[in-house]
Amino acid sequence: MYLKKIEIYGFKSFANKVELEFKDGITAVVGPNGSGKSNIADAVRWVLGEQSVKSLRGSKMEDVIFSGTQKRKPLGYAEVSLVIDNQSGKLPIDYNEVRITRRVFRSGESEFYINKSSCRLKDIHQLFMDTGLGKEGYSIVGQGKIDEILNASLQDRRYIFEEAAGIVKYKTRKNEAEKKLDKTEQNLIRIVDIINELE
Ligand code: ATP
């Protein structure tokens, strides 16, 4: 599994549609300060479901939409797509190539797509769980991330190993099942109460 291409339109400094293809080997992005290098990494994290505007270096989600310059009007929406090669089948979906898209409008409305089919943010999280590429994955190592890992609590550090070991999806399913069980137990208690009231 590897990132083949990223398409960016209207995201932060990218007013025009930009397509970046990643070939074999190392790709380095170079440019003057403030030219938008980090915005590319932000775009990748955003499309993978990053919801924290602080970690996207903004104060509200609208800040990811191109806000205009002296010569160009602001845009109404931002859209980013990642094209991932899935010939290894690491992503649990029956496609050799997977396209993930996220779009956000100034109204705050957000849309997510997997291979052009509309989906929920939860579907994107589930698709990337245990692959290392999700929003909490370890594939994107930002500035200060190493320090953050070294200073993290044992529990937070353990999460990184769990993601690498591929057990996060089982833990998530276990939590969901426990919540359902809890709800069912509450319902049962309620039913017993009603029966007692009727007797
Ligand atoms: P450095 O080398 O200093 O880390 P960089 O190349 O990584 O810089 P970025 O931080 O990616 O640069 O980009 C910052 C630029 O993006 C700034 O010029 C900022 O004005 C621009 N920018 C950020 N958000 C928006 C937005 N919503 N609309 C327009 N431009 C934006």
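We did not get these values from a lab; they are worked out from the coordinates using the rules stated. Predicted, not measured: the structure shown is a model, and the values here were computed from it. Neighbour counts are summed over all protein chains in view; Cβ atoms, including those assigned to glycine, are modelled from backbone coordinates with ideal geometry.
So here's what we get for this one:
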| quantity | calculated |
| --- | --- |
| Most positive-pole-ward Cα, 114, 188, 175, against dipole of the range 88-199 from beta carbon charges | 114 |
| P(r) weight above 21 Å for the chain, C-alpha pairs, percent | 61 |
| FRET efficiency, 1/(1 + (r/R0)^6) with R0 35 Å, evaluated for residue 52 and residue 183 via beta carbons | 0.75 |
| Inter-label distance, nm, simple model (7 Å from Cα along the C-beta direction), residue 164/residue 2 | 2.1 |
| Value in Å of the Kirkwood radius, where the range 43-87 supplies the Cα pairs that are averaged | 12.1 |
| The chain: most fluctuating residue of 117, 52, 153 per GNM, C-alpha cutoff 10 Å | 153 |
| Listed residue pairs exceeding 18 Å between alpha carbons, taken from 5/71; 4/60; 17/37 | 5/71; 4/60 |
| Principal semi-axes in Å for the range 1-80 [√(5λ), Cα gyration tensor, largest first] | 21, 15, 12 |
| Computed helical MRE - 222 nm, the chain, DSSP H runs ≥ 4 contributing -39500 (n - 2.57), nearest 500 | -11000 deg cm²/dmol |
| Set of the range 76-106 residues, backbone N closer than 14 Å to the point 7 Å along the Cα-Cβ line of residue 121 | 102-105 |
| Degrees between helix 168-198 axis and first principal axis of the chain (Cα, 0 to 90, nearest 10) | 30 |
| Dipole in debye (nearest 20) - the chain, about Cα centre, beta carbon charges: Lys, Arg +1; Asp, Glu -1 | 840 |
| Two-site label geometry, residue 69 and residue 23: point separation in nm, points 7 Å out along Cα→Cβ | 2.8 |
